[in-house]
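Notes follow the structure.
The values are calculated or read from the model by the stated rules, or taken from the named source; none is laboratory data. These numbers were taken from a predicted model, which means no experiment stands behind them. Every residue, glycine as well, gets a Cβ built from its backbone with ideal geometry; the counts of neighbours run over all protein chains shown. Note: areas computed on protein heavy atoms with side chains; ligands, DNA, RNA excluded. Shrake-Rupley method; radii C 1.70, N 1.55, O 1.52, S 1.80 Å.
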Number of protein chains: 2
Amino acid sequence: MARRTSRRREHRAVDAINQRPFGQAVNPYPPIEPLSADHVAAIHDASLTVLEELGMEILDAEARERLERAGCDVDHGTGVVRFDRGFIEERVAKAPAEFTVRARNPAHSLHIGGNRISFHAVGGPAFCSDLDKGRRSGTIAEVRDFLRVCQSLNAIHSVNGLVFAPLDQPAEVRHLDAYTACATLTDKVWAGSLLGRHRAADTIEIACIAFDTDRDGLKAEPAVFGNINTNSPRRLDEHMAQGAIEFAEAGQPVVVTPFTLSGAMSPATIAGALVQQNAEALMGIALVQTVNPGTPTVYGSFTSNVDMRTGSPAFGTPEYVKATMASAQLARHYGLPIRASNTNASNVVDAQAAYESEMSIWACAMGHVNLMFHAGGWLEGGLTASFEKLVIDAEMLQMAAAMLDPLVVDDDSLGLSAIREVAPGGHYFGTAHTMARYETAFYKPIVSDWRNYETWEEAGSKDATVRANGIWKHLLATYEQPGPNRARDGAIAAYVERRKREIAAMAST
Amino acid sequence: MARRTSRRREHRAVDAINQRPFGQAVNPYPPIEPLSADHVAAIHDASLTVLEELGMEILDAEARERLERAGCDVDHGTGVVRFDRGFIEERVAKAPAEFTVRARNPAHSLHIGGNRISFHAVGGPAFCSDLDKGRRSGTIAEVRDFLRVCQSLNAIHSVNGLVFAPLDQPAEVRHLDAYTACATLTDKVWAGSLLGRHRAADTIEIACIAFDTDRDGLKAEPAVFGNINTNSPRRLDEHMAQGAIEFAEAGQPVVVTPFTLSGAMSPATIAGALVQQNAEALMGIALVQTVNPGTPTVYGSFTSNVDMRTGSPAFGTPEYVKATMASAQLARHYGLPIRASNTNASNVVDAQAAYESEMSIWACAMGHVNLMFHAGGWLEGGLTASFEKLVIDAEMLQMAAAMLDPLVVDDDSLGLSAIREVAPGGHYFGTAHTMARYETAFYKPIVSDWRNYETWEEAGSKDATVRANGIWKHLLATYEQPGPNRARDGAIAAYVERRKREIAAMAST
């Protein structure tokens, strides 16, 4: 009886949600490149001038000491570290061009680099939102629900340990419950926070338990990744430096992403913003390679611009498109994988959210971005994680992947037999050529409604956002936990309990 | 006093609507090409086999006779015409690779071909819609309003003589009022209907009056264009053939667009649909070149697919993207300009309408489509012309154009002076480098709202579609007729009155 129920549930899910199988997108075309070779050389040269002449303010003493031992010019009073060009070039060259990150389900492991694109779910917002309850502070229960929907969406290739802030949990331990959710409710690659050494270490320890291995085993086969941001302009804070050092020591991939909003935290030109982004990204990558040469590192790009009248950040703009494609060129120049994002600045899941996201997605796809952060669920310039946007993003992402599938041209697909069969003014519905392709011929949408107006109206005149609301609820209702494992899940819970006690004890001393 | 009022109105318009100047988009990148050279050759070969072996059913006796005189194999009983490969190749080669269409305002003339992209407003829907009055049959007054908004939007480069059907006018004379509106309310290039010889002739006569020239003058400098569709599969009806012959004789550009929905009117593979599209497009172009060698002709692509479960047409899909880019390759193979469209199948101006349109726009941009039909206002698979969609399309179109602007990289834009000026953790708002670029640094949106959530909420929580509603009304309220000319406009009105009497007399005989 239980079996029958389960089958019926599967059947309903298949009926309602059309998904492509899990799989990274592959771009068979040459990348679109806004920079000439001379432009790349000019940006490279100017950014190394910045590091050599002006340097970076590095607030973490350990990071400064490591760089000093490696021969950098350090002023411990001001915290400013200056870098020789040769040092930067030599260290950056130690990073691998491509690498693999293991997922608990081996079919969900990701290869980062080359012409492959991975879609990484939203991370970091302060709020969550859906059509039922609106925009609000989130809870750990809602973080878990969001991760369940991410697990159920094949277009989401990896998830973020800090989906959005679960404000019902104390700030210092939030990450532990969120990591537990990633490691037990999904079987996909997940990313931990690099905000401080302890959060990074907790990521690594929980990953070791999840993969039944130790730090050496994890180093041999990386299984989590993390992202650091520089505090642009030209500052790396203590938490980020410590997180990066911890991950580098553990050999887990580090993404280094300057937050260079043009006109605010970097010059009011895309070229200038790229100079500063490049300086800061190379600095962070050189630090990671100094700690542990050969650690997988990713060149992170987040260059967009502000609205000059209001100072508001703008995303998915023409400037964002060009900065993203140009950043990918710079990363390729250094033989590094490139991270960018699926961005938008809309306050609601509307046409603006969709067109700004499509601008971002196409920029990533045409520019050969390898790791698309915030690919699912990002809204309101990153302040909100939206359940409906997650579903609409999944549609846009799998459309992008399908659009990059090679066009098949062979005797069979050319279809002369079918063309011969159909009289002028006739139709192809019943031809053998059509019938053989009935199920698989074309892309099947998740959200898009192609019914005629009258049928759509009779069904309630639901726009795409309202339909997305029904879809995430359906995915949540039909969610099944992938491979629960009592021993492993219990060990994670025990680790988390112990860490919570330790952190509480530290706070009370 | 009148002068002051006029200035204030201009000022308000400038405040409210940020527009790029009028100008065709130019793609500086190589086109994205889904087909290999072998694939192009295979599609070419298969499509010429279709024309040679199966032929086309051509319902118009005059077209058949012209083709028979040119050496084609004609069966007047069945209407089927078969074409030698050599004939097709030789006739298609007579068409120019690029051409110019004059607008009444010379600054609005368009050059069609190469790597330029033009945005042509919607044409042909049965309905119009806006948020106030919903979806409905349109009137000639509403057609005029739609054209006024098109005139005011710089991102709309040309307009369609049959924007949507003005159902308050008799079917046989609707085109006359709509053409009058194009020729007097806009100073942009406009397209006339090729549905029958008389409509095509009326287009040409009204254009002659508008440009104060005769048929020879118009032929020397084309000033209108038109589109014919084949009734796929493999049929050309009498009206379309007659319209194409009339335009070819007058030397005005003809776009030939098969309506090859894959799985319905063409094989259920994109390769097969392209074979059939290519056969039908080349046939139409060869006909035009037989009537008048050297007439500007455009290869029209409209290959999308149906939803196999329901038969509903789908647009802006991954298949549409690939078919559009591949069609552009075929057109380039023949040295012809290429037309495609900004399509979507949504019933409402929502996220789906936006993401399907962006898929279409990017396909056109990356594929080097020269003439983007239905670029502004198309909704519901072409059944409806939407005022709000027109405004949102204008935003997406000018974003695409801005994204294709070259990225400037020079000493000034690299911004080292500004980077030297700002301390770590500081900001660029007040630097001389930023201040010098305050007004012009970045793309300014028409519809996008980048304000923070609280400010947006206080302003009424308006989504992009609601904001677009306010914008078209503002454009309509501030519209000023370009260069009214009593003599010319009176002559057009007199022609239209005469033709209405003639058409009524013909109907009553």
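Which of the residues spanning segment B:311-329 are at pLDDT 95 or above and either outside any helix (DSSP H, G or I) or at positive phi (or both)? Give the steps one after another, and end with the answer.
The first filter runs over segment B:311-329 and keeps only residues at pLDDT 95 or above, leaving B:313-329.
B:P313, B:A314, B:F315, B:G316, B:T317 - these are the residues of segment B:311-329 that are at pLDDT 95 or above and either outside any helix (DSSP H, G or I) or at positive phi (or both).
Given the condition in a loop (DSSP other than H, G, I, E, B) and within 19 Å of B:E358 (Cα to Cα), answer yes or no: does some residue in segment A:461-476 qualify?
Yes, segment A:461-476 has at least one match.
Take the conditions in contact with a strand residue (DSSP E or B) (Cβ under 8 Å, 6 or more places away or on another chain) and open to solvent by less than 20 Å² (accessible area, probe 1.4 Å) and apply them to A:A63. Does it pass?
Details: in contact with a strand residue (DSSP E or B) (Cβ under 8 Å, 6 or more places away or on another chain): yes; open to solvent by less than 20 Å² (accessible area, probe 1.4 Å): yes.
Considered against the rule, which asks whether it is in contact with a strand residue (DSSP E or B) (Cβ under 8 Å, 6 or more places away or on another chain) and open to solvent by less than 20 Å² (accessible area, probe 1.4 Å), A:A63 comes out as yes.
What's the number of the condition B:N115 fails, among (1) closer than 21 Å to B:V254 by Cα; (2) under 12 Å from the mean Cα position of the chain (by Cα)?
Exception for B:N115: condition (2).
Mind listing just one residue for me: the one in segment B:277-295 that is part of a loop (DSSP other than H, G, I, E, B) and open to solvent by 10 Å² or more (accessible area, probe 1.4 Å) and, of those, farthest from B:A97 (Cα to Cα)?
Here is the first cut: in segment B:277-295, the residues part of a loop (DSSP other than H, G, I, E, B) are B:292-295.
Now restrict to residues that are open to solvent by 10 Å² or more (accessible area, probe 1.4 Å): B:292-294.
Numbers: B:N292: 16, B:P293: 13, B:G294: 10 Å.
It comes out as B:N292.
Mind checking whether some residue in segment A:342-351 is crowded, with 24+ Cβ neighbours inside 10 Å, at pLDDT 95 or above and within 27 Å of A:A286 (Cα to Cα)? Let's see the steps before the verdict.
Let us first name the residues in segment A:342-351 that are crowded, with 24+ Cβ neighbours inside 10 Å, namely A:342-351.
The next check asks that each one be at pLDDT 95 or above; those that pass are A:342-351.
Now narrow it down to the ones that are within 27 Å of A:A286 (Cα to Cα): A:342.
Checked segment A:342-351: at least one residue is crowded, with 24+ Cβ neighbours inside 10 Å, at pLDDT 95 or above and within 27 Å of A:A286 (Cα to Cα).
Taking only segment B:458-509 into account, find how many residues are surrounded by 13 or more Cβ atoms within 10 Å (Cβ to Cβ) and hydroxyl-bearing (S, T, Y).
4
For residues that are within 21 Å of B:A178 (Cα to Cα) and not acidic (D, E), tally how many sit in segment B:111-150.
So in segment B:111-150, the residues within 21 Å of B:A178 (Cα to Cα) come out as B:119-130, B:135-150.
Retained after the next criterion (residues that are not acidic (D, E)): B:119-129, B:135-141, B:143-144, B:146-150.
Of the residues in segment B:111-150, 25 are within 21 Å of B:A178 (Cα to Cα) and not acidic (D, E).
Can you work out which of the residues in segment B:408-427 that are more than 7 Å from chain A (Cβ to nearest Cβ) and in a helix (DSSP H, G or I) is least open to solvent (accessible area, probe 1.4 Å)?
The extreme case among them is B:S417.
Test each condition in (1) out of contact with any Gly (no Cβ under 7 Å at 6 or more places or on another chain); (2) of a type in the set (A, V, I, L, M); (3) at the interface with chain B (Cβ under 7 Å from one of its Cβ atoms); (4) closer than 24 Å to B:A42 by Cα for A:M399 and report the one that comes out false.
Exception for A:M399: condition (4).
Being of a type in the set (G, A, S) and under 24 Å from the mean Cα position of the chain (by Cα) narrows it down to one of B:A436, B:A401, so name that one.
Numbers: B:A436 fails: under 24 Å from the mean Cα position of the chain (by Cα).
Every option except B:A401 fails the conditions.
Mind listing whichever residues of segment A:444-457 are part of a loop (DSSP other than H, G, I, E, B), open to solvent by 40 Å² or more (accessible area, probe 1.4 Å) and without any contact (Cβ under 8 Å) to a residue 12 or more places away in the chain?
Initial filter on segment A:444-457 (part of a loop (DSSP other than H, G, I, E, B)): A:444-452.
Narrowing further to those that are open to solvent by 40 Å² or more (accessible area, probe 1.4 Å): A:444, A:451-452.
Once the filter is applied, which keeps residues that are part of a loop (DSSP other than H, G, I, E, B), open to solvent by 40 Å² or more (accessible area, probe 1.4 Å) and without any contact (Cβ under 8 Å) to a residue 12 or more places away in the chain, segment A:444-457 yields A:R451, A:N452.
Among the residues in segment B:390-403, are any touching an Asp or Glu at 6+ places or on another chain (Cβ under 7 Å), within 20 Å of A:A363 (Cα to Cα), open to solvent by less than 10 Å² (accessible area, probe 1.4 Å) and at pLDDT 95 or above? Steps first, please.
Just the residues of segment B:390-403 that are touching an Asp or Glu at 6+ places or on another chain (Cβ under 7 Å), to begin with: B:396.
Then keep just the ones that are within 20 Å of A:A363 (Cα to Cα); that gives B:396.
Next, only the ones that are open to solvent by less than 10 Å² (accessible area, probe 1.4 Å) stay: B:396.
With at pLDDT 95 or above added as a condition, the list becomes B:396.
Yes, that holds for at least one residue.
Please go through (1) part of a loop (DSSP other than H, G, I, E, B); (2) over 19 Å from A:S232 (Cβ atoms) for A:M308 and return the number of the only condition it doesn't satisfy.
(2)
Can you pull out every residue in segment B:432-442 that is at the interface with chain A (Cβ under 8 Å from one of its Cβ atoms) and either part of a helix (DSSP H, G or I) or under 17 Å from A:S266 (Cβ atoms) (or both)?
Looking only at segment B:432-442, we keep the residues that are at the interface with chain A (Cβ under 8 Å from one of its Cβ atoms), and these are B:433-434, B:437-439, B:441-442.
Scanning segment B:432-442 gives B:H433, B:T434, B:R437, B:Y438, B:A441, B:F442.
Here are some residues: A:Y479, A:Y495. Which one is closer than 19 Å to A:P170 by Cβ and among the aromatic types (F, W, Y)?
Working: A:Y479 fails: closer than 19 Å to A:P170 by Cβ.
A:Y495 is the lone residue from the list that is closer than 19 Å to A:P170 by Cβ and among the aromatic types (F, W, Y).
Give all pairs with beta carbons closer than 8 Å in which a residue from segment A:366-385 that is away from chain B (no Cβ under 14 Å) meets a residue that is assigned to a helix (DSSP H, G or I) and surrounded by fewer than 24 Cβ atoms within 10 Å (Cβ to Cβ); count only pairs at least 6 apart in sequence or on separate chains.
Hits for this filter: A:H374/A:G382.
Look at B:F146 and say whether it is under 14 Å from the mean Cα position of the chain (by Cα), among the aromatic types (F, W, Y) and not in a loop (DSSP other than H, G, I, E, B).
Details: under 14 Å from the mean Cα position of the chain (by Cα): no; among the aromatic types (F, W, Y): yes; not in a loop (DSSP other than H, G, I, E, B): yes.
So B:F146 fails the test.
Output yes when any residue across segment A:406-420 is farther than 30 Å from A:A165 by Cβ and in contact (Cβ under 8 Å) with a residue 40 or more places away in the chain, and no when none is. Walk me through how you get there before you give the answer.
To start, the set of residues in segment A:406-420 that are farther than 30 Å from A:A165 by Cβ comprises A:406-420.
With the extra rule that they be in contact (Cβ under 8 Å) with a residue 40 or more places away in the chain, the set shrinks to A:406.
There is at least one residue in segment A:406-420 that is farther than 30 Å from A:A165 by Cβ and in contact (Cβ under 8 Å) with a residue 40 or more places away in the chain.
Being surrounded by 24 or more Cβ atoms within 10 Å (Cβ to Cβ) and of a type outside the set (A, V, I, L, M, F, W, C) is the filter; apply it to segment B:152-165 and report the residue that is farthest from B:N342 (Cα to Cα).
It comes out as B:G161.
Cβ contacts < 6 Å: first residue under 18 Å from B:R498 (Cα atoms), restricted to segment B:194-214; second residue in a loop (DSSP other than H, G, I, E, B) and modelled with pLDDT of 95 or more, any location; separation 6+ or different chain. Result?
What qualifies is B:A207/B:A223; B:C208/B:D214.
Report yes if A:L48 is within 11 Å of chain B (Cβ to nearest Cβ) and either modelled with pLDDT of 95 or more or within 16 Å of A:M240 (Cα to Cα) (or both), otherwise no. Don't jump to the end; show me each part of the working.
Working: within 11 Å of chain B (Cβ to nearest Cβ): no; either modelled with pLDDT of 95 or more or within 16 Å of A:M240 (Cα to Cα) (or both): yes.
The answer is no for A:L48.
Counting residues that are within 14 Å of A:Y320 (Cβ to Cβ), which strands (runs of 3 or more DSSP E) fully inside segment A:330-401 reach at least 2? I'd like the intermediate steps shown before the answer.
Numbers: elements: A:338-341, A:371-373, A:384-386.
Counting at least 2 such residues, we get A:338-341, A:371-373.
Just give me the residues in segment A:488-509 being at pLDDT below 95 and small (G, A, S), in sequence order.
Matches in segment A:488-509: A:A504, A:A505, A:A507, A:S508.
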